[in-house]
Every structure is written in C-alpha cells, then in structure tokens.
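Inspection log for the structure reproduced underneath, given as structure tokens.
The values are calculated or read from the model by the stated rules, or taken from the named source; none is laboratory data. Note that the structure is a prediction, hence the values are computed from the model and not measured. FYI the Cβ positions are ideal-geometry reconstructions off the backbone, even for glycines, and counts take in every protein chain you see.
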Amino acid sequence: MSTQQRPAIRVQGLEKSYGELRVLRGVDFEVAPGSIFALLGSNGAGKTTVVKTLSTTLRLDAGTATVNGYDVGTEPAKVRESISLTGQFAAVDETLTGRENLVLVARLRRQHRPARIAAELLERFQLVDAADRRAATYSGGMRRRLDIAMSLIGDPPVIFLDEPTTGLDPQSRIEVWASVKELSGQGTTVLLTTQYLDEAEHLADPIAILHEGRIIASGTLAELKRLLPPARVEYVEKQPTLEDVFLAVVGTGNQGAQG
C-alpha cells in the first residue's frame, strides 16, 4: 500500500485494562488521511483511553495500532513526532499573551522563525485582534482556538482532540467547530472524541460509536442512519437522527467502563 493510500490511523484488536476493569475490549477502526473521524461515546466508554494509547502515553495490553505508518508499541518516538494532542482542558499559559504562547511553543519545538509562525497562526485562527492580550482575558472559545493553534506548531500530520468543547458555551463550540473544519481543510487528519451527538453529526464523517470498550457501530452518517428504518408520523416520513441511532445501538441505562 502506498503512503497516499494507507490509513493515517489503524487500530486492530486494541485492549486495555486497569486491574480487573476491562476498559477496551478489542477496538478496531481505521482513519483516512485528511479526514475528521469522530469517536462517539458516553462518559466512561473508553474514548480517552483510546487517545492515550494512540498518543503513546499509555501502553496497550493487546492488539496493534499505527499512526502515520508508525507502530505505537515499537516506534513511540516516531509516533510522537507525527502527532499533537489537545486534551479536554486548554493548556495555554494564562499569564502570557496569545502571541507569547505561540512563540514559546515554537521555540520549545525548535522551529525556525517562531515570530512568523505565531503571526500566521494568529491570522489562521482569527486571533489577531487579541494577539497581545493576556490569555486570561480570552473567552473559552478563544482559549480553545489558541490551544489548537499551539498544537499545530511543527505541522503534525495527525491531531487528537479529546472532547475539545467540554464546558464551552454554544457560541464557543461553534468557533471551535470552525477551527476543526479548517484543520481538515488543510489536510490534517483529526481524531475527535466527543459525547455530544450534534458535534459528531456536524463535524465528522465517518463516525464510530464506542460503548463499554467496543466499537458497536461505525460508518458515515448516512450509513448509520440506515441502521434504523424511517418513522412515519401522520404520513410524513421522518428520517432517524444520529441520536436515534446512538440510543438504539447502545441501549439505555447501561454504564460503560472508565476511560
């Protein structure tokens, strides 16, 4: 398989336990280069554990995984060179300005012309007007956009976004969604974990539903909707929503594993 054709991420039979608690029970999926892939699941489904494993911060118990063609288990340094990880909480230094945050990260990553990199990212993420304000004054959406901009320094081909809009207000969520679409538009592969059905529906194609440590359904949004027949209400055909599909395949009242 050529470089252009191989998956940006390939996961086969991934397993992870914490003591007696089995968090991942044989997870399989592939992510095409330049796509936005959503891993959708409730709290405790194992989403963050998948991200930690793929980003080499957590050792897998069984199975194999490759990121950008590198094996997570045997080539962790190469994997780390290929990725960037943005967690659930923005990692910006609030005592610094937006520009200073970007310049600092560029210098830490030994990039040439850090000031120019910072200027380009401020423009790209629509933060020019706030560039020289302390990050502590930023809104939640601005802070998250700065966080994502920082993660792109060095042009990683793969970025992991672990529940990037947790705790944000609706307007801030929309701002972050626009930034994520921008990433994909520039050719970056995005693996997005979320518990928000509207977020997965708005951003991703394909989507995988993770429940109790297993992928129980996956496909494009259209394919997932075909899992349920359309409902008829007063002779008007009603297509199933992603929420209908999610609740049907995971059931109700079950609590997943931690992760």
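Here are a few things to note about the model shown:
- Of 92, 50, all but one fail to be modelled with pLDDT of 95 or more, of a type in the set (A, V, I, L, M, F, W, C) and surrounded by 21 or more Cβ atoms within 10 Å (Cβ to Cβ); the exception is 50.
- Scanning region 231-259 for residues that are modelled with pLDDT under 75 and part of a loop (DSSP other than H, G, I, E, B) turns up 234, 235, 252, 253, 254, 255, 256, 257, 258, 259.
- Scanning region 105-141 for residues that are touching an Asp or Glu at 6+ places or on another chain (Cβ under 7 Å) and farther than 21 Å from residue 183 by Cα yields 134, 135, 136.
- Of all residues making up region 148-162, the number that are surrounded by 21 or more Cβ atoms within 10 Å (Cβ to Cβ) and either basic (Lys, Arg) or assigned to a loop (DSSP other than H, G, I, E, B) (or both): 2
- Residues in region 107-124 that are under 15 Å from residue 148 (Cβ atoms) and in contact (Cβ under 8 Å) with a residue 12 or more places away in the chain: 117, 118, 121, 122, 124.
- Residue check, residue 199 over 25 Å from residue 148 (Cα atoms) and modelled with pLDDT of 90 or more: no
- Sole residue being hydrophobic (A, V, I, L, M, F, W, C) and more than 22 Å from residue 212 (Cβ to Cβ), chosen from 45, 65, 8: 8
- Filter result (assigned to a loop (DSSP other than H, G, I, E, B), of a type outside the set (A, V, I, L, M) and over 13 Å from residue 243 (Cβ atoms)) within region 195-229: 205, 206, 212, 213, 220, 226, 229
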